[in-house]
Amino acid sequence: MNTSQLRLFLENPLITIQTVSVRFLRNRSLILVMTALQLVWLVLIAVTGASTKYNTLLVVAITSVIATLLAIFLPTHAVEKIHQLKDWLFQSEKRSLLFLCIASLLIGVVYSTRENQWTDEQANFEAANIIATDGIPLAYHRVGWLGKQHPPLFPIISALTLKLPGPDLFYMRLISVFFLAGTLVVTYLLGRELYSRELGYLASILLLSFPLVIRLGASAMMDIELTFFFGLALLLLIRLSRNRSYGLACVTGLVIGLGLLTKYIMVLIFVVLFVYFVFIKRFRGIKVHLLVVAAVSMSVFAIWLLYANHFGILSKQFEKILSFVGTYHVVRNLEESIQETPSMPSTTNEAQSLDPMDVMQKGIFRLGLETLFTRLPSSLGVYHAPLILFGLLYLLKRRNPADWMLLLWIGAITLFLFLTLPDHRYFLPIFPALAMLVAHTLLRFPDYAERAILLSLLFSAGNLYLFVDWVRESHIFLLHP
C-alpha cells in the first residue's frame with residue numbers, strides 16, 4: 001500500500017475496503033482464500049487436539065485440494081451447463097421449491113442414517129417413548145433433562161411418530177429432515193420477500209453448505225424445528241408490516257406460540273421485533289396488529305405454562321434456564337465475590353479478586369470465546385468467512401430497508417446470545433440471514449459465483465464426512481465457570 005492509498009484508507013476506510021474486495025471477488029483469489037481457510041481449519045483441529053482422527057483429517061484435506069482444483073480448472077462450458085441448470089430450475093417457482101425439498105430430504109435422510117447419536121438425542125428418544133406409553137407428566141418427572149429446560153411440542157410429535165412405525169431413533173430424525181426441507185422453503189420465501197426470487201433461491205442452496213444445518217437437520221433434536229418456526233414467523237411479520245391484516249396477525253401469533261412450545265429460545269423473535277419496531281418505520285405503524293400477535297402467541301404459550309405449573313415442573317424449568325444464562329452467572333459470581341471479600345481489601349490480590357474481567361471469565365466469557373473462535377466457524381464453514389465479511393460491509397454501506405432488516409436480524413440475535421446463552425446451536429435462527437448475506441455478495445460479483453458455490457458445497461460435504469462420527473476430544477477454552 002503506497003502513501004496515497006494509505007491516506008485514502010484513513011479518510012474513508014469503507015470505500016478502500018470496497019475497492020479491494022471488488023478486485024478480490026473478481027478473480028481466483030476468492031477460491032484460493034476459501035481453500036486456505038479450510039486447510040488452516042483442519043490443521044488447527046489436529047494441532048489443538050480437538051480430534052485425533054488424523055487419517056480422516058488427511059482425507060478431508062486431500063479432497064478439499066481436489067475440490068479446489070476442480071473449481072479453478074472446471075471448463076467454461078461446464079460452468080455454463082451449471083448456469084443453464086440453475087436457469088431451468090429458476091424458470092418455475094414450483095420447480096425451484098420441489099428441487100429444494102427433494103435435495104434437502106435426500107441429503108437429510110442419507111446423513112441421518114450415518115450420523116453418530118448426539119447426547120441430547122438419547123434423552124429426546126427416552127422422553128418420546130415415555131410420552132407414547134405413559135403420558136406427558138411422567139416423562140417430565142422421569143427425564144430430568146426434559147423436565148428442567150424444554151417445552152413439550154417436539155417430544156409430543158416424536159411420541160406420535162413412534163406410535164406408528166415403532167421405537168426407532170431414525171423415525172424421530174425424519175421429523176427434523178422434513179423441518180429441514182421446510183426451513184429451506186422459508187429461506188427462499190424470505191429472500192424473495194426482501195430482495196428477489198434469485199437471491200432467495202441461491203440463499204436456500206447456500207444454507208445447505210453450512211455444515212451445522214445438515215447435522216441438526218438430520219438429528220432428533222429441536223433446533224431445526226425452532227429455525228423453521230423462527231423464519232416463518234419473521235416472514236409473516238414482514239408481510240404483516242406491508243399488508244395489515246388481523247387474520248395474518250393471528251396466524252403469526254400462532255406460529256410464534258408453536259415456536260415457544262418447541263424451544264424457549266424462540267423468545268428471540270421478540271428481540272428482533274423490538275429492534276424492527278425501533279428502527280423501521282413501517283413496523284411502528286402496525287402497533288395494534290403487533291399487540292394481536294403478542295396476545296395470540298402468549299395465549300398459546302400460557303396453556304403450556306399453566307399445565308406445567310399444574311404438575312409441578314415450571315419452577316424447575318425457570319431455575320434451570322436462569323442458571324444457563326451468562327449474565328446470571330456474572331451477577332451471581334459478582335455478588336459472591338463481594339460477600340466473600342472485605343469491603344476494604346488489604347492486599348493487591350484481594351483487590352484484584354473484584355476485577356470484573358475475572359468475574360466475566362467465570363460466566364459467559366469463556367463459553368463465548370469457544371463459540372466465536374471454534375464452534376461457529378465450524379458450524380458455518382470457515383470458507384464462508386470472506387463472503388460473509390464482504391456481505392456485511394456492502395449492506396452497511398448501502399443500508400436500504402431490506403438491508404436494515406437483515407443486519408438487525410443478525411445483529412440483535414448475535415448480541416443477545418453472546419450476553420446470555422452463547423452456544424453455537426442457538427445461533428441457528430440467523431443462519432438463513434447469513435445465507436442471504438453470502439448470496440447477496442455472490443450475485444453482486446457473479447464472475448466466480450458458480451465456482452464458489454460449487455466449492456462451498458464440496459467443502460461442506462467433506463466437513464460432514466468429518467462430523468459424521470465427531471467427538472470433540474479437547475476444548476481451547478473452559479466452557480463452564
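The values are calculated or read from the model by the stated rules, or taken from the named source; none is laboratory data. These numbers were taken from a predicted model, which means no experiment stands behind them. Backbone-built Cβ (ideal geometry, glycine too); neighbour counts: all protein chains shown.
Looking across Ala461, Ala433, Ala385, one residue alone is under 17 Å from Val275 (Cβ atoms) and modelled with pLDDT of 90 or more. It is Ala433.
Only residues that are aliphatic (A, V, I, L, M) and part of a loop (DSSP other than H, G, I, E, B) were counted in the stretch 199-226, giving 5.
Taking the criterion of being at pLDDT below 95 and touching an Asp or Glu at 6+ places or on another chain (Cβ under 7 Å), no residue of the stretch 198-219 qualifies. Going by what's in this entry, would Leu206 be described as surrounded by 24 or more Cβ atoms within 10 Å (Cβ to Cβ) and either out of contact with any helix residue (DSSP H, G or I) (no Cβ under 7 Å at 6 or more places or on another chain) or not basic (Lys, Arg) (or both)? So Leu206 passes the test. For the stretch 246-270, the set of residues classified as modelled with pLDDT under 95 and surrounded by fewer than 17 Cβ atoms within 10 Å (Cβ to Cβ) consists of Val267 only. Among the residues making up the stretch 229-259, a single one is within 17 Å of Phe154 (Cβ to Cβ), among the aromatic types (Phe, Trp, Tyr) and free of Cβ contacts under 8 Å to residues at least 60 places away in the same chain: Phe229.
As a summary of the residue check, Phe170 satisfies the conditions (1) crowded, with 16+ Cβ neighbours inside 10 Å; (2) within 26 Å of the chain's Cα centre (by Cα) except for the one numbered (1).
Sub-6 Å Cβ pairs linking a first residue in the stretch 260-289 that is in contact (Cβ under 8 Å) with a residue 24 or more places away in the chain and polar (S, T, N, Q) to a second residue that is assigned to a loop (DSSP other than H, G, I, E, B) and buried (at least 21 other Cβ atoms within 10 Å of the Cβ), at least 6 apart or interchain, are Thr262/Met222, ordered by first then second residue.
Being at pLDDT below 95, in contact with a helix residue (DSSP H, G or I) (Cβ under 9 Å, 6 or more places away or on another chain) and either farther than 16 Å from Leu458 by Cβ or not hydrophobic (A, V, I, L, M, F, W, C) (or both): is that true of Thr48 here? Here the answer is yes, as Thr48 does meet what is asked.
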